[in-house]
């Protein structure tokens, strides 16, 4: 299967089932993401403002200690930069809600939670095809621990992505919890999280 075809299948599935038990599915994803965050205790986190077909994890924003810096994407041209999450929020392009723009230098992100359209056998991301996350991640000096989240699992064992597509350490859906090997995480954590599904 090729990437474009897989993307189309995943988008159709997300759109047709986006409202089916959404709150329950959001909570399941949030519980699993929360366990990963507690394990790594990051100082700087990339989250996102959800679109209707993505897990709504905004309750996590309030769960972090005050010392944790929370950043969200701010669209700029063909990519985005990070801005610190703060009120007020405004609706912008693609219906995405964003805080106001800010100008600062971000040295590093410890952990990133990224919504996906689909995931392939290399645990790489299929998005909407605009490449914004790929360009942003390519600009980082150090790769953060990366968690892909999805409201309904859309996964293929085939490798349909390109090498420049970003890859995850964790892929979390309401029904599943997939972990990349020991290179980034330890397997005892994987088993503990799986047992709490």
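Some observations on this one:
- The criterion of being in contact with a strand residue (DSSP E or B) (Cβ under 6 Å, 6 or more places away or on another chain), assigned to a loop (DSSP other than H, G, I, E, B) and at pLDDT below 95 holds for residue 109.
- Matching residues, region 45-59, being part of a loop (DSSP other than H, G, I, E, B) and in contact with a strand residue (DSSP E or B) (Cβ under 8 Å, 6 or more places away or on another chain): 47, 48, 49, 50, 51, 54, 55, 57
- Just one of (1) in contact with a strand residue (DSSP E or B) (Cβ under 9 Å, 6 or more places away or on another chain); (2) assigned to a loop (DSSP other than H, G, I, E, B); (3) at pLDDT below 90 fails for residue 66. It is (1).
- Filter pass, residue 54 being loosely packed, with under 14 Cβ neighbours inside 10 Å and at pLDDT 90 or above: no
- In the set (1) out of contact with any strand residue (DSSP E or B) (no Cβ under 6 Å at 6 or more places or on another chain); (2) modelled with pLDDT of 90 or more; (3) farther than 23 Å from residue 84 by Cα, residue 37 fails one condition alone, (3).
The values are calculated or read from the model by the stated rules, or taken from the named source; none is laboratory data. In this text, all values refer to a predicted model and were calculated from it rather than measured experimentally. In this analysis, Cβ positions are derived from the backbone assuming ideal geometry, glycine residues included, and neighbour counts consider all displayed protein chains.
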